[in-house]
Each structure stands twice: as structure tokens, then as C-alpha cells.
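A.B. asks: Take this structure first; my questions come after.
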């Protein structure tokens, strides 16, 4: 029985104790060392094939691979072949110089199995490493920087994106604090989400700005061991500098546009496809006349006067994906007032370029619209009478030629003496006359008839489907109405010249018919113009007499005084006739002086006196209009001229003043002084003559004053 | 097989080389190969030049050795020459500086050179320098790995300078392959393990950091204290480590220093997780082992004609005056006609177990003669 061989134990231990080889080449060197030293091995072949990731072939003591195959095939008694059951074509071949004993066989088996265990371990580690390489490769392929930090905040690993992002090689990042490596800080960043992850043990994310103006988005994911203990943090980092700059730019832009939206005078609103209002600016709220709260539950259709118009517009924009511009939206405000909004509607697209809603920019054009309507009204209507104007009248003439409205009768009317009324009694009286004429015409005509004021005192009437007989009946009716009016308004009678013409069929120009009617009107005016003016002057004189009650019998007294003087100086009979007429009507111009001045109890102010002085001129114009008074028109104008040239209106003096006027001036003064006035008591004849004497040579003709004193004194 | 050995310790280096060559060539005219070694402050380059002039057709291999063993004496300076002149043998030499290689690539490169020159068997006389990069044992395995078991190996680690007929190289490798002659090699040391084997739990190249999980030097001292009564001599030199080798032998490893963190510095690599034992010896065991080796070995060759003898320089420093006794004990086993050339080396190389291994504190012998 053999005793225990301690060296055998040492050998046994040694052949099973390998260093921690991490690769097959290292293991092979160990195999060679141990086999050569402990087992006397002279040749070794080692092959491992595990998939694609782990392949290794190496020999020791052979000259060629052919020699290896040859030796293995020989299966010599000096050789030991061990197939490694860990992969294809994996084996360990050992060969020594002597035949293998049982001991050798045992030791080789132990040795080979030990090697196989180690190969298996290396294979696992290789697979693990390969897997880790894959993971590393995946992490390195990410565009997002991934950094592994320990709990202290020191960088333990970083992927390539981190190197690129920070421009720092990996070996310079490892072991440094992230705030040093990435943000060039000396202390942790305030509100660092990664530090919060360490503190709270849960995921955090946020933004960090570096002192050089770069911005980063950080995500901190807690890294835990299997037992749940927090061991570090995986930090995801994205350089969002450009994005933040763009966002800031967008924010400023939005703020700018929000300010614009808020402050702009145009209304801005956004609506969805159903027309529901989603957003309005202040101007829009004002234009629509509703509060934001009220608008939030409304549709544009509810506000629009014509919902169908809104529907059509929105449908068109959605269908064509194009904006409209400048269409007028008529809306009704909450107080029911109507506004006109010039509206441009544009589509709002979603991410797929489909129309998801609408934006509208609105401008309140109500005032403009009303101005336009007023202009249109003014362009077609006469402002004073409310009748159509000449333009409309002439357009209708053209238009009617294409219409089946024959027979057509055209009536032209002209107001007689309007200028005289305007000149003497003022334009308000003239306007009143025109309105009276209008009322009569509207009263007599059909609603379908066209009545227009063609000029100052001229009216035109187009009677569609009206023959001449009907027209003449209508004319008669108008005259009856005028007569009736004059009865009720004797102080301002109406006199109208009328011409009427008719056409029964196409072919005759309505312009021609109009001219015919105009001619007939002029003929009618000539026919009764003189009588009508005379009537008018008489009417004015009556009116003057009614108004100037203080001058009652004034004309008769003047006539008497004037004739005495005229007789004394032997004035011609023609001149005496004119003097008598002048004494009656010299104040006819006072019909145009307001009652407040004419009947003022006190003295007139200088301005009022200026108005009063106009009666000479007014009287002159009235007289010119009257065939009976025309011969003395110039006398009427000069009856307030003074001998010394200080009178009015022409400032004549001496003998430049007609003799009739010089006589009338003395007679008028004498009557005035001896008659009662609202502002003073009457003088005696002696006093009055003395006053005449005093003013002789200044106001009055001295010779005539002398004559008058003589004649009147004798008479007294 | 004609052979000759010569040596000189003449202070004149030129004269010493010429004298040694003259001695060797006296019995080996027209040599095929000349082994040229110097020791001390002799200039190897100058010696090589003289040798090339003297035997211009011969292959040359050699280098500077820590010491020479000639005429039964160890010398720390001088020149030693061995010449072989047999027309039946084929020879190639090769030397390379180690600057461009690591240990493994140096060995592989040398092996490929041998194969490329048409040699398929023979004896490789291999002389690494102490300045060779990396580990000599690894270089030897790589060399063997390329040329295989049909070669035997013998040699020893010399100082920095090596040479062949091509010139002098430093910190590399010089070798000569002789085909057609028979060389028998063996190795012995006379060291015995202390009965407390240890596990090298952490090592790095030539430094053992931990043994049995403890600082290597602490555990080393502990084993020595518990098993022997250390004398006053140097502990490291007296207690080398041994690692198991084939056939119950121990591969000796010199401990040449201690690192600051109590690591043991060896003269050669040691595998991690191998078993190591502290070895102990006496002058008697060492000398007896050397004499037994020589006796046993000289008988193993059928026609022994000359002996190459590589004795570890640490045995010289350990045995001191007793080393001469060891030399004489070995020398006494060789016949008077036997040409003997001995060198003191920093490591001994032998393929006694079939593959070349690097030994320390050992004596390697190879006996040559005709086949």
C-alpha cells in the first residue's frame, strides 16, 4: 500500500487552480504553463467554437494544423483528447512523450474538465460582455446623451452622445461631477432634477441652463440594485438650446401678436367648424356687442343678420381651404343695433393640413357704410324735399326706355317767384314754399310715380303707364290742390307753371318727351308770369301792411305831403305819378326784415340797424319783379339817401338823388317826427319843421326843405 | 567528434581571448562552432572580434556570464571558449535584441527562425539575457511552441550582452542549434520543501503580492519561523520558493527582493493560484545533489565527450567558500579527457521533463557526444 504522496496533492491542486483568465488566449497560456510544468505535456491543441462570438484555435508544439489533425486522428497512447461539451469542434488535445499511465489519464481528465469549466465561464462572460457591448452599442447609438452617475454625483459612464454634446472625451468625464464637466460650475446646479432623483429616489426631470447660455433638458432615473437599494442615477440629457431659443422667440412672438391682438382696432375671433366662437379679442367683443362670457356660448350664426351668408362663407373657405377677404358681415348686437363688419375669414389647419376651424379679422365699417348710404341718398335724393334729384330722374328716363311701362307721361313744374321770395323774405320762406309744392305733388301722385326736384325751383314727374288724358286729369288735380293751399296760406301763396307731355310707344326718346314738357312749362310760365308776380307783390304789400301796423295811414299821409311839395315846385305829372306810387310802396322791402327788428320797442343796435338798412335794396328787388313797380324800383332803392351823401345804400348826394326821393325823404321825416314811435313821443309840426330846417343841407335838400316849410307851414 | 575547451584569466583581454582560443583549437581544429563567454570587465565585443578573426568560418555564440567554471575552479573574470569541429553536425545561430518584442513574441520569432532554416530537430543552446523583456519562462514556452518536442534545450541566463558571429546584441536572446550530435541534459538543485505549502493568491508578473490571502512577505516569514530556525544569513537567498513540477520535482524560484507592500520579488514569473513552498537547504544537500546529478548524468550518455555546466550564481553566493567544494564535487565525476565548460548563470534552462523550463538555484548539465 502506497503512502500519501504530498507532491501528488500539490500537483492535483495546481492543475485545478487557474488564475482568473478573462479570455481564451490567456487561458491557453495557462494551460501550456501548467501542462508543461506539471504534466510533461509536449504538444497541445485547443479549439473552442461557441457561436460567432467565441471562436478560438491555438496549438503548441506543432508545426502546422495538418500535423494537429494527423496527431488527433492517430489516437496515440501518448495523447489525451477531451471534447469540450460547450460548442462545436471544441476540444483540448494533450500529448506527452510517454504512453499515458492511469495516473496521467486521471490527471489529464481532471485538468481538461477544469479547463472546460473555465471555458464555459469565459463563454458566459463573453456572452455577457457581448450583451453589454450590444447595450453599450445601443446606448451609443442614441442621440440623447446618457450619463451614469453615482450617488455623489460623479460621472461613472457616459455614451458617445454625451461626449458629442459636451465636446469632452469620455475619459475626461469619468470621475468628475456633472456640474463641473457639463456646466462649468463649481457647485451643483440649483433645482437639479438629478439631485432630486437621488434625494427622493424617484424619476425627476427639468431644465438646466449653463453659464455659457446653453440649455439642457434633464431626466433623472433612479438606478437600483436587485434589493432595491439606490446605487446611482441614469441621467438623460438633451441639448435644447436651439429649441429654447426658438421657444423664447415663439413666446416673444406670441406675446407680440397677443399684444397686437389685444390692442389692434380690428376685431379678431376664432371659430370652430360649426361656427361656435372660441376666441375673441377685445375689439371683436366691442364690435359684436357681447361680453366674452356671452360670446363663449354663441355661434357666429346667432349674431349675424343673415346666418345663411355665414354658412355659405364658411363652407366656401372650408371647401377651398382659402381665405376670403373684405366681405361684409351684418350683425345684430345685444342691444339690437345693427353693425356692418368688413370681415376676412381664413382657414385654421390642423397637423394634417385639414381645415379645423376659422379665424376672422373684422373691421367695423358701420359709419362708413352709413356715410355711403347717405352719399348714395344724396346722390339720388334732394335733401330739402326728400324727392329724387335730377340724376335719378335722368337715369329713370334712360331706364324706362327699356321697360314695358308705356304710355309714359312726363310733367315738368316750376315754382313761380321763388327767387323773389328768397330775396325778400329769405331762403327759409323759399324752402317752405318748395316743401309745400312737394307735399302737394306727393299728395296728388301715385306711389309708383317718380317725382324729382330737378333744380332750384323745378320739379319733374314721370308717370309710368299713364296716357295724356290721365296726365291732364292729374294736372287739374294738382292745380286744385294749389288753389286750396293758397286759400289756407294767403301770406305765402303758391304759383306753379306746369308742362306735360306724353308718349305712347317705344321709339320716342323720353328725353325728347321731357324737353317737350319743359317747353310747355315755360310757355305756361310766360302766360301767367306777369299776373302771378303782380299778385305776389300785392300779397307782399298786404303782408307788409299787416306786419307794420305802426305805419297805418302812413302811406296816405306821405302821398299828401309829397304832392303838396311836388305841386309847389311844379313837378311833372309823370314824376308826380311815380312819387305817389313811391310814397305807397317805398317800404315794401321791409317784408324781408324780421319782426324782432321791425317791431323792436327800443333803439336798434348797430347790427340790427344794418339789417334794417337792407330794406332799400330788398324793396328795389321786389319792385324789379313787378311790372307795376319796376319804373320806380330805383326810386325805392334811393329813398334813404342824404343830401350830404351820408345816406344809404348808394351814398348819393345832392342832385344825384332823384327829386322824388328827396321829396319823399322830407315827407317821410316829417311824418315820422309827428307820428308816434315805440321809442319816443311825437313832435309838434313846428318842432318837426324846425328839425327839418336844422337838417337842411345835410340830410335834406335845403331848397325842398324851404319849400316844404313854406307849404306845410302855410297849410298848418 | 573533435572538441576543445580553453580559458584564460589573463588581465590583458586580447591575450586572454587568444590564449583561450588557442587552447580550444588545439584539439578542435577548424571548428564548426565556438562558444565564447567572458566574465568580469572583459569586453565581449573585442573578444568576439578576435574570435571572428581567428575562426572566421565558425559559428559563434556566447555572452557575458556572471562567472566562469574552468579547470575545476569558479572565476568571476576571464574568458572561456569551447569549440566543436565535426563535419557531420549542422549548426545555426541566431541572436536578437529584445527591444522590439515581448517575451512571447521573442520566443515565437526565434522558433520561426529555426524552422525557416530547415531545422526539424537538434539541441538548442539558449542564452537569454537578464535584461530580456518580460518573462524568460514564457519566452521559452513560446520558442518550444513553434519548434516542438523534437528539440532539446539547455542553457542559462547571462548578463545583458550576448553574441553570435553576426555581432553583439543586448537584452535579448542568443541561441545556437546543433543537429547531428547527441546531447543529454538533466537538472538538480538539492533544495527541499518546508512542510507547509502555500497558495499564491495574488501575483503580478514577477511579484507575489499575496500568499494564502496575506501579504506575501508576512506569510513567507511566518512559514520560515514556524518550520526552521533561521540563521543570521540572508533569508531571501536562503529560502527560495519552489513550485511543483513534473515527477514530484520543484521548480526553484529565487526571491530577490521585497516590495514596499510586502510583495516578494522573484527572478521569474510565477503562475497565479499555483502552490508554492518555501524551500530550504544546507551546503551538504546542495553539494550532494550537484555531485549526484553529475554522476548520474554522465552515465546517461553512451559516448560522453564534453560537458556544459550551468550553475546558479545564487548557489555561489549562498555557498560562498563551499561553492568550490560543489565545483570540485561535480568536476570529480568527469574524466580527465572530458572537455568541461561551466558558467555561473542567473537562471538555468533544461528540457529534462520534455519541454524547456527555467530553473533557479539549480545546476543544469548537458553532456554531448557523437550520436
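The values are calculated or read from the model by the stated rules, or taken from the named source; none is laboratory data. Small disclaimer: the values here were computed from a predicted structure and weren't measured. Here the Cβ positions follow ideal geometry from the backbone for every residue, glycine too, while neighbour counts run over all protein chains shown.
A.B. asks: For the list (1) touching a residue at least 60 places away in the same chain (Cβ under 8 Å); (2) assigned to a helix (DSSP H, G or I); (3) more than 14 Å from chain A (Cβ to nearest Cβ), I need the number of the one condition that residue B:247 fails.
C.D. replies: (3)
A.B. asks: Conditions first: (1) within 12 Å of chain B (Cβ to nearest Cβ); (2) more than 30 Å from residue B:269 (Cα to Cα); (3) surrounded by fewer than 17 Cβ atoms within 10 Å (Cβ to Cβ). Residue A:63 passes all but one, so which condition is the exception?
C.D. replies: For residue A:63, the exception is condition (2).
A.B. asks: Could you list, in sequence order, the residues of region A:48-60 that are buried (at least 24 other Cβ atoms within 10 Å of the Cβ) and at the interface with another protein chain (Cβ under 8 Å from one of its Cβ atoms)? Even if it seems obvious, please write down each step before you answer.
C.D. replies: At the first step, the residues of region A:48-60 found to be buried (at least 24 other Cβ atoms within 10 Å of the Cβ) are A:48, A:60.
Across region A:48-60, the qualifying residue is only A:60.
A.B. asks: Please specify each residue of region B:91-107 satisfying the condition of being modelled with pLDDT of 95 or more and over 12 Å from residue B:172 (Cβ atoms).
C.D. replies: Across region B:91-107, the qualifying residues are B:91, B:92, B:93.
A.B. asks: Run residue A:173 past the list (1) surrounded by 19 or more Cβ atoms within 10 Å (Cβ to Cβ); (2) in contact with a helix residue (DSSP H, G or I) (Cβ under 8 Å, 6 or more places away or on another chain); (3) farther than 16 Å from residue A:234 by Cβ and report the number of the one that doesn't hold.
C.D. replies: Condition not satisfied by residue A:173: (3).
A.B. asks: Out of the residues in region B:332-371 meeting the condition of being within 8 Å of the chain's Cα centre (by Cα) and outside any strand (DSSP E or B), tell me which one is surrounded by the fewest Cβ atoms within 10 Å (Cβ to Cβ).
C.D. replies: For region B:332-371, the residue satisfying everything is B:346.
A.B. asks: With (1) closer than 20 Å to residue B:146 by Cα; (2) out of contact with any helix residue (DSSP H, G or I) (no Cβ under 6 Å at 6 or more places or on another chain) as the list, and residue A:56 as the residue in question, which single condition is left unmet?
C.D. replies: (2)
A.B. asks: Given the structure, is residue A:127 out of contact with any helix residue (DSSP H, G or I) (no Cβ under 6 Å at 6 or more places or on another chain) and at pLDDT 90 or above? Step through it out loud before you land on a result.
C.D. replies: Values: out of contact with any helix residue (DSSP H, G or I) (no Cβ under 6 Å at 6 or more places or on another chain): yes; at pLDDT 90 or above: no.
No.
A.B. asks: Here is a follow-up. Residues of region A:176-208 being closer than 20 Å to residue A:242 by Cα and surrounded by 17 or more Cβ atoms within 10 Å (Cβ to Cβ), which ones? Spell out the reasoning first.
C.D. replies: Step one: list which residues in region A:176-208 are closer than 20 Å to residue A:242 by Cα, which gives A:182-184, A:205-208.
Across region A:176-208, the qualifying residues are A:182, A:183, A:208.
A.B. asks: Residue check, residue A:317 against (1) at pLDDT 90 or above; (2) at positive phi, all met but one. Which one?
C.D. replies: (2)
A.B. asks: Which one of the conditions (1) in a helix (DSSP H, G or I); (2) more than 18 Å from the chain's Cα centre (by Cα); (3) closer than 18 Å to residue A:344 by Cα does residue A:249 fail to meet, given that it meets all the rest?
C.D. replies: Among (1) in a helix (DSSP H, G or I); (2) more than 18 Å from the chain's Cα centre (by Cα); (3) closer than 18 Å to residue A:344 by Cα, the lone unmet condition for residue A:249 is (3).
A.B. asks: State all residues of region B:213-228 that are buried (at least 18 other Cβ atoms within 10 Å of the Cβ) and not in a helix (DSSP H, G or I); if no residue qualifies, say none. Working first, answer last.
C.D. replies: Going residue by residue through region B:213-228, those that are buried (at least 18 other Cβ atoms within 10 Å of the Cβ) are B:215-217, B:219-220, B:223-224.
Scanning region B:213-228 gives a single hit, B:215.
A.B. asks: Conditions: (1) crowded, with 24+ Cβ neighbours inside 10 Å; (2) touching a helix residue (DSSP H, G or I) at 6+ places or on another chain (Cβ under 6 Å); (3) under 22 Å from residue B:338 (Cβ atoms). Residue B:47 meets all but one. Number of the miss?
C.D. replies: Every listed condition holds for residue B:47 apart from (3).
A.B. asks: Looking for whichever is more than 27 Å from residue B:320 (Cβ to Cβ), assigned to a strand (DSSP E or B) and within 14 Å of chain A (Cβ to nearest Cβ) here; the options are B:210, B:196. Which one fits? Lay out the reasoning, then the answer.
C.D. replies: Working: B:196 fails: assigned to a strand (DSSP E or B).
Going through B:210, B:196 in turn, just one is more than 27 Å from residue B:320 (Cβ to Cβ), assigned to a strand (DSSP E or B) and within 14 Å of chain A (Cβ to nearest Cβ): B:210.
A.B. asks: Scan region B:266-278 residue by residue and report those that are more than 8 Å from every other protein chain (Cβ to nearest Cβ) and more than 20 Å from the chain's Cα centre (by Cα). Working first, answer last.
C.D. replies: Taking region B:266-278 as the starting set, the residues that turn out to be more than 8 Å from every other protein chain (Cβ to nearest Cβ) are B:266-270, B:276, B:278.
Those that are more than 8 Å from every other protein chain (Cβ to nearest Cβ) and more than 20 Å from the chain's Cα centre (by Cα): B:276, B:278.
A.B. asks: Among (1) within 14 Å of chain A (Cβ to nearest Cβ); (2) in contact with a strand residue (DSSP E or B) (Cβ under 9 Å, 6 or more places away or on another chain); (3) over 21 Å from residue B:365 (Cα atoms), where does residue B:136 come up short?
C.D. replies: Evaluating residue B:136 over (1) within 14 Å of chain A (Cβ to nearest Cβ); (2) in contact with a strand residue (DSSP E or B) (Cβ under 9 Å, 6 or more places away or on another chain); (3) over 21 Å from residue B:365 (Cα atoms) leaves (3) as the failure.
A.B. asks: May I ask you to verify whether residue B:325 is away from chain A (no Cβ under 14 Å), touching a helix residue (DSSP H, G or I) at 6+ places or on another chain (Cβ under 6 Å) and more than 30 Å from residue B:139 (Cα to Cα)? Give the derivation first.
C.D. replies: Working: away from chain A (no Cβ under 14 Å): yes; touching a helix residue (DSSP H, G or I) at 6+ places or on another chain (Cβ under 6 Å): yes; more than 30 Å from residue B:139 (Cα to Cα): yes.
Against the criterion (away from chain A (no Cβ under 14 Å), touching a helix residue (DSSP H, G or I) at 6+ places or on another chain (Cβ under 6 Å) and more than 30 Å from residue B:139 (Cα to Cα)), residue B:325 qualifies.
A.B. asks: Next question. Look through region A:4-16, keep the residues that are without any contact (Cβ under 8 Å) to a residue 24 or more places away in the chain and surrounded by 15 or more Cβ atoms within 10 Å (Cβ to Cβ), and return whichever of them is nearest to the chain's Cα centre (by Cα). Spell out how you get there, then give the answer.
C.D. replies: We begin by selecting, within region A:4-16, every residue without any contact (Cβ under 8 Å) to a residue 24 or more places away in the chain; these are A:4-10, A:13.
Now drop any that are not surrounded by 15 or more Cβ atoms within 10 Å (Cβ to Cβ), which leaves A:7, A:10, A:13.
Working: A:7: 108, A:10: 104, A:13: 99 Å.
This residue is A:13.
A.B. asks: Answer yes or no: is there a residue in region B:115-125 that is under 21 Å from the mean Cα position of the chain (by Cα), within 17 Å of residue B:349 (Cα to Cα) and surrounded by fewer than 18 Cβ atoms within 10 Å (Cβ to Cβ).
C.D. replies: Within region B:115-125, not a single residue is under 21 Å from the mean Cα position of the chain (by Cα), within 17 Å of residue B:349 (Cα to Cα) and surrounded by fewer than 18 Cβ atoms within 10 Å (Cβ to Cβ).
A.B. asks: Something else now. Return the residues of region B:17-34 that are surrounded by fewer than 24 Cβ atoms within 10 Å (Cβ to Cβ) and closer than 20 Å to residue B:74 by Cβ; say none if nothing qualifies.
C.D. replies: B:19, B:23
A.B. asks: Among the candidates A:45, A:19, A:69, which residue alone is more than 8 Å from chain B (Cβ to nearest Cβ) and surrounded by 18 or more Cβ atoms within 10 Å (Cβ to Cβ)? Full working, then the answer.
C.D. replies: On the way: A:19 fails: more than 8 Å from chain B (Cβ to nearest Cβ); A:69 fails: surrounded by 18 or more Cβ atoms within 10 Å (Cβ to Cβ).
Of A:45, A:19, A:69, the one residue that is more than 8 Å from chain B (Cβ to nearest Cβ) and surrounded by 18 or more Cβ atoms within 10 Å (Cβ to Cβ) is A:45.
A.B. asks: Condition first: crowded, with 19+ Cβ neighbours inside 10 Å, more than 20 Å from residue B:127 (Cβ to Cβ) and under 19 Å from the mean Cα position of the chain (by Cα). Now tell me which residues in region B:295-318 satisfy that.
C.D. replies: The answer is B:297, B:298, B:318.
A.B. asks: Within region A:135-178, work out how many residues are within 20 Å of residue A:223 (Cβ to Cβ) and not in a helix (DSSP H, G or I).
C.D. replies: Total meeting the criteria: 21.
A.B. asks: From the residues in region A:94-114 that are within 14 Å of chain B (Cβ to nearest Cβ) and touching a strand residue (DSSP E or B) at 6+ places or on another chain (Cβ under 8 Å), which one is surrounded by the fewest Cβ atoms within 10 Å (Cβ to Cβ)?
C.D. replies: At the first step, the residues of region A:94-114 found to be within 14 Å of chain B (Cβ to nearest Cβ) are A:94-101, A:103-104, A:107-108, A:111, A:114.
Narrowing further to those that are touching a strand residue (DSSP E or B) at 6+ places or on another chain (Cβ under 8 Å): A:94-97, A:100, A:104, A:108, A:111.
Values: A:94: 27, A:95: 24, A:96: 24, A:97: 13, A:100: 19, A:104: 18, A:108: 22, A:111: 25.
Selected residue: A:97.
A.B. asks: Of the residues that make up region A:79-91, is at least one facing another protein chain (nearest Cβ under 9 Å) and modelled with pLDDT under 90? Give the steps one after another, and end with the answer.
C.D. replies: Residues of region A:79-91 facing another protein chain (nearest Cβ under 9 Å): none.
For region A:79-91, residues facing another protein chain (nearest Cβ under 9 Å) and modelled with pLDDT under 90: absent.
A.B. asks: Now for a different question. Suppose we keep only residues that are in contact (Cβ under 8 Å) with a residue 40 or more places away in the chain, away from chain A (no Cβ under 13 Å) and in contact with a strand residue (DSSP E or B) (Cβ under 6 Å, 6 or more places away or on another chain) within region B:229-244. Which one would you say is surrounded by the most Cβ atoms within 10 Å (Cβ to Cβ)?
C.D. replies: B:240
A.B. asks: Right, another one. Among the residues of region A:67-78, is there at least one that is in contact with a helix residue (DSSP H, G or I) (Cβ under 7 Å, 6 or more places away or on another chain) and farther than 27 Å from residue B:197 by Cα? Even if it seems obvious, please write down each step before you answer.
C.D. replies: Of all residues in region A:67-78, those in contact with a helix residue (DSSP H, G or I) (Cβ under 7 Å, 6 or more places away or on another chain) come to none.
Taking every residue of region A:67-78 in turn, none turns out to be in contact with a helix residue (DSSP H, G or I) (Cβ under 7 Å, 6 or more places away or on another chain) and farther than 27 Å from residue B:197 by Cα.
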